[in-house]
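To start, I am sharing the structure in question, which I have written as structure tokens.
The values are calculated or read from the model by the stated rules, or taken from the named source; none is laboratory data. Treat the numbers as computed from the prediction; the structure is a model and nothing was measured. Backbone-built Cβ (ideal geometry, glycine too); neighbour counts: all protein chains shown.
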Amino acid sequence: MSELELKEAVIKAISEVYDPEIPVNVYELGLIYDIKIFPVNNVYVLMTLTSPSCPSAEAIPAEIEGKIKEIEGVSDVSIELTFDPPYSQDMMSEVAKLELGFM
């Protein structure tokens, strides 16, 4: 699997994870700031949450890590949580904004 194919598989896996309070996946919500693929299929994800006090603060990153680890060929997964820049609704995709009635 090429780096590009692996990154697409990672995005697809992340898109299966939802914030329990919002009916939109975390990728479309804009919670994923960066995805990097390092040699030997090590995956790094920089992400945020809708707020630092999010009740799912531990569950969402753990679920994302689990989904990525299910991808064949992935060696290791590193999830980094950041609140810089702070999350805002502007980070949502148009799909998410439409689904949540912001457009």
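Given the residues ILE64, ILE71, which is the only one that is in contact (Cβ under 8 Å) with a residue 24 or more places away in the chain and not in a loop (DSSP other than H, G, I, E, B)?
Being in contact (Cβ under 8 Å) with a residue 24 or more places away in the chain and not in a loop (DSSP other than H, G, I, E, B) holds for just one of ILE64, ILE71, which is ILE64.
Return the total of residues in region 25-49 being assigned to a loop (DSSP other than H, G, I, E, B) and surrounded by fewer than 20 Cβ atoms within 10 Å (Cβ to Cβ).
Count: 3.
Among the residues of region 55-96 satisfying the criterion of being more than 15 Å from the chain's Cα centre (by Cα) and either closer than 16 Å to TYR18 by Cβ or of a type in the set (Phe, Trp, Tyr) (or both), which is modelled with the lowest pLDDT?
PRO55
Do any residues in region 75-88 that are over 7 Å from MET47 (Cα atoms) have Cβ atoms under 8 Å from those of residues that are surrounded by fewer than 11 Cβ atoms within 10 Å (Cβ to Cβ), where the two are at least six apart or on different chains, and which pairs are they?
Partner pairs satisfying both residue conditions: SER75/VAL40.
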